[in-house]
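Computed from the coordinates by the stated procedures, all read-outs in this text should not be read as laboratory data. No experiment lies behind these values; they were computed from the predicted model shown. For neighbour counting, all protein chains shown are included, and Cβ atoms are generated from backbone atoms with ideal geometry for every residue, glycine included.
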Amino acid sequence: MPRHRLFVASLLALSLAAAACHGKKPPVARPTQPPPESEMPAARPPAPPEPIAEPRPVTVPPEPSVSSADMGSLDDINKKGILQPVFFELDRIEISSEGQAVLAKNAETMKQYPTWIVSIEGHCDERGTAEYNLALGERRALSVRQYLVTLGIASDRLRTVSYGKEFPFDPGHTESAWARNRRANFVVTAK
């Protein structure tokens, strides 16, 4: 029985609250009169800002570009070692911070000679099978190619080839010789 009374009391309270809310009317906003003009300050529109003199850009004369013809033959260009190799850790294709700095310099050189076509050769040390080293050399060359593209070199100027362990820089069988052989080498193939 007490539940029934609680239910009836709750129902009664809700109906009274609903009736009380329904009977109130919202307040009506009445328009107000603007203040007389005598009370309003006589305001002038602000003066336009003074023009600011734009600084003139400093024109730097372009550096004289050296044509590929001045560099000699393709053999001469490649013998000069203008494009430096990038070296890799054992079984790795990631470009180290030193390698990134070398590639940045190579990219700047390639931008100076926009007609050059460059072959990126992927190399490995003598350890591992011929098939494994050919695949690793290809992945190294492709990694370097992609990095150069991010530096603004057009992809159609870059070719890749893998030589695996076939053409070592250093014919030795030591860790230092192997480190010099794990590389991506650059050869200018057309100018």
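Summary of values
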| read-out | value |
| --- | --- |
| Distant-in-sequence amide H partners of T160 (H built 1.01 Å from N, under 5 Å) | I120 |
| T174 paired with T109, simple spin-label distance in nm, labels 7 Å along Cα-to-beta-carbon | 2.7 |
| At R0 = 35 Å, FRET efficiency that the Cβ-Cβ distance of D75 and Y132 yields, to 0.05 | 0.65 |
| Global form of segment 77-190, assessed from the alpha-carbon gyration tensor, a/c cut-off 1.5 | prolate |
